[in-house]
1. Filter the chymotrypsin sites (Phe, Trp or Tyr not before Pro) in segment 51-102 to those in DSSP coil with at most 15 other Cβ atoms within 10 Å of their Cβ, and list the result.
2. Provide the net charge surrounding G65, with neighbours chosen by a C-beta distance below 12 Å and charges set as Lys +1, Arg +1, Asp -1, Glu -1.
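Rule-based calculations on the coordinates, nothing more; no lab input. This is a predicted model, so every value here is computed, not measured. Here the Cβ positions follow ideal geometry from the backbone for every residue, glycine too, while neighbour counts run over all protein chains shown.
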Amino acid sequence: MEHLIDRLIAQYGLLAVFVGSLAEGETAAILGGFFAHQQAFDWWQTVLAAFAGAVLGDTAFFLVGRHFSRHPWIVRLRTRPGFDRADALLRRHPDLFVLANRYLYGVRLAGGVAAGLTQIAFRRFLLLNALSALVWALLFSSLGYAFGLGAQQLLGRALHAHQRLLLALLVLLAAIGLALFSHRREKRRRGR
């Protein structure tokens, strides 16, 4: 069973990092870095998969905003509180917003669509987005790699595959818990 898990991670782990990075993908990049440390694949491959997913995802959101501004989904998205915040920030500081959008919790999808609805040139968006995605992929993949190093130092070098998987599951659960906590806190803050 351990070998099957190792093989699945080695075969599909980078695809999971890529797909997870298409939207809000910090957890995918962190887990990719963790598994890179566990030698399931190379660290640079994790960075590349996270970078490609992040650039493609945000570019797709931008293009949806640019070409489908009257679509019912976009009209509904524009009524959400996060969209107003993203739109206001984008109009005041467009370059800074594109660079920082992926780091603002709960705004990434709306931010990409909002950028598409503005007059930002596609090339400019693509360049700024790629730069931001590269820093983001390096940062979160490195955090996952460092977590793997810390786990190895804490638990010793004899981590078996199922123990690695359990550690990765703990990281995933911690990330989900943190996201839920942040979401509830933000919801309460908006409700005041």
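1. Working: sites: F51, F61, F62, F68, W73, F83, F97; in loops: F68.
Answer in residue order: F68.
2. +1
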